[in-house]
1. Across the range 423-471, what is the total count of residues that are at negative phi, in contact (Cβ under 8 Å) with a residue 12 or more places away in the chain and in a loop (DSSP other than H, G, I, E, B)?
2. Suppose we filter Val166, Val176 for residues that are outside the structural domain of Thr545 (by TED's automatic domain parsing) and assigned to a strand (DSSP E or B); which single one remains?
3. Being in contact (Cβ under 8 Å) with a residue 12 or more places away in the chain, assigned to a helix (DSSP H, G or I) and of a type in the set (Asp, Glu) is the filter here; which residues of the range 375-408 pass it?
4. Taking the residues in the range 78-91 that are modelled with pLDDT of 95 or more and assigned to a loop (DSSP other than H, G, I, E, B) as candidates, determine which candidate is surrounded by the fewest Cβ atoms within 10 Å (Cβ to Cβ).
5. Considering every residue within the range 370-386, establish whether at least one is over 25 Å from the mean Cα position of the chain (by Cα) and hydroxyl-bearing (Ser, Thr, Tyr).
6. List every residue pair whose Cβ atoms lie under 8 Å apart, where the two residues are 6 or more positions apart in sequence or sit on different chains, the first residue falls within the range 159-183 and is under 27 Å from Gln131 (Cα atoms), and the second residue, located anywhere, is of a type in the set (Asp, Glu) and not in a strand (DSSP E or B).
7. For the range 532-551, name all the residues that are assigned to a loop (DSSP other than H, G, I, E, B) and either surrounded by fewer than 20 Cβ atoms within 10 Å (Cβ to Cβ) or not assigned by TED's automatic domain parsing to the domain that holds Ser334 (or both).
8. Given the conditions (1) among the basic types (Lys, Arg); (2) surrounded by fewer than 20 Cβ atoms within 10 Å (Cβ to Cβ); (3) within 28 Å of Arg486 (Cα to Cα), report the number of the one that Arg339 does not fulfil.
Amino acid sequence: MLKNSTIAYQLVKYNSLLIILLLLLFSANSIFASYAIAYGYEPKYPNGFSHFDYVNPDAPKGGQLDLNGSRTFDRLNPFLLKGVGADGIDSLIFETLMEQSLDEPYTFYGVLADDVLIAEDGLSVTYHINQRARFSDETPVTVEDVKFSFDTLINDKHVHPAYKIVLGNIKQAVIVDNETIRFDFKKKNAKLPMLLSSYLSVFPKHWVGDLEFKDTAIKIPVGSGPYLLDKYDTGKQLSFKRNKDYWAADLGVRKGMFNFDSIVYKYFRDSTIALEALKAGEYDFRHEYNSKMWARDYTGRVFKNNEVIKNNIPHQNSVGIQGFIFNTRKSLFSDKRVREALVLAYDFEWANRMLFYNQYQRNDSYFSNTELAAQGDISDAELELLIPFKENLDPSVFAQAWQPPKTTAPSSLRDNLRQAISLLNDAGWHYKDGALRNEQGKAFEFDLILSQKAFERIAASYARNLLKLGITMNYRTVDYALYKQRVESKDFDMIVSSYSQSQVPGNELEGRWHSKTVDVDGSANYPGINNPAIDALLEKLSNTTDREQIVTLTRALDRILLSEFYLVPHWYIDSHRIAYWDKFEFPETLPIYYSAEGWMLSTWWFKPTVLNNEELKPIDINP
């Protein structure tokens, strides 16, 4: 539907009274009614486009794709807080109102919604639901289902708080008529229509029925997506089968996508076992995150004979930041001088050379690999934003953008540790009786909990450096379910985690760094950030679509975050390290902003020779 013809297209289906009502509504309150919404620019793809450029619309369907699951799972409902969700369910079974394209910074095209209308005052967004949309049980997707999904995710106490954080500025969902639903905002928020479009997974009201939502944890989900859950064995394996009657298969946002007849996730105890399983042909595709394994363990006959392809695929994603994150709720890390001292003790250059085979670059920003990162001298526009908070900000915020300490000549780890000792002394910590101690004589000791054993070698080198300061860092890998529970309840001293970023950051950052999330179980505010300047910038960022202003806001925000030393910055890589059995084909045109597994799952297909000759592997698991 074109912007100028969308309303006419819809109204032919309505009676004359409804026509009048809708015309009044649209003409009085809308900026546009459209098949797509973009963040400050025109959509790349026109109305009625046949397919995305990064897919093959004629890709053959068929075959069984085997994948490596993420450690374990104990629930099938992906929206709950308690437990560990199964892989694939949210993306394969449930559809959202709109779909974000992977070759534009921030554009959304209709899926469940075939028309979207943003109010002129910016205080609501209205969707028309595609009347072809069907759940896997052949029941239609209704506005009642959309409202029920939203109300449940916002109000049910057992739902993961991420939904409440991201969508919390929506006041209510209002059913306008049998095909139209409006979402009213508590205050103007420029990014809410996009977040709502892509974040609200719609499930049928009758799937929940008379049950409490928490009681659907292991109930077979019913969605409107391209796959159905076929079988599962809790914590070990689950399989999906392609819905041959998938209602959206010919839509431009889905044409040429989801080409495998079945998808099976297999769960292995650790990454070493999982890699051996790849070599043995137990599954087909692996995205590798461990530099040592990538450099040393992807060897053997299957690689030598090119039966398994090893490749680095470039991307232009905003990589965000990863690091050892301090829990500033703990008194040990409440002093910024202490946190800065521990940042100085990390030797990235040594780790990159000795542990990572020089595969990485250092994180120097919360928006690494983008123009959103703080750069050089502070600009006049950034200064204008930060001056009102000057008394509460470190002077370094107004100087050159912070750069992580180095150990390359003429710098050295020894020099960095000397600076660290000075900071620790100023904070009341002094070396005595074989340890760094405070005025009460308590030794500086803390725990780092890990979810992956592979991180222990990285922690070990950092712990050695800290020991030179008299600090003891105990590190251990814990069961993932326990790890998840402790992280979500903020019951930790230090963890390893990351903050990924979009090209157009906004509301989601409030769930990470806004003071309102400090004490929320399940929030991503792991450091315990409670800073009025950060709050103010986050709120401004949620209410602008101007690219220049977005860049200014993120750079100012970056300066504050870096100056507070909430984490010890790690590293990033600007490519995806993938390995896969030589049985696939994929489009020549790569997307620009994409995840490795998501791209493979949605756009790859089996070679015709494989489909013609392969006997599909049987799935021998209990439901």
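The values are calculated or read from the model by the stated rules, or taken from the named source; none is laboratory data. Every value quoted in this text rests on a predicted model; they were computed, and no experiment measured them. Heads up, the Cβs are rebuilt from the backbone with ideal geometry, glycines too, and the neighbour counts pull from every protein chain shown.
1. Summing the residues that are at negative phi, in contact (Cβ under 8 Å) with a residue 12 or more places away in the chain and in a loop (DSSP other than H, G, I, E, B) in the range 423-471 gives 8.
2. Details: Val166 fails: assigned to a strand (DSSP E or B).
Going through Val166, Val176 in turn, the sole match is Val176.
3. The one that is in contact (Cβ under 8 Å) with a residue 12 or more places away in the chain, assigned to a helix (DSSP H, G or I) and of a type in the set (Asp, Glu): Glu382.
4. Pro78
5. yes
6. Ala173/Asp151; Ile175/Glu144
7. Our first condition is that a residue be assigned to a loop (DSSP other than H, G, I, E, B); within the range 532-551, this holds for 542-546.
Residues satisfying the conditions are Asn543, Thr544, Thr545, Asp546.
8. (2)
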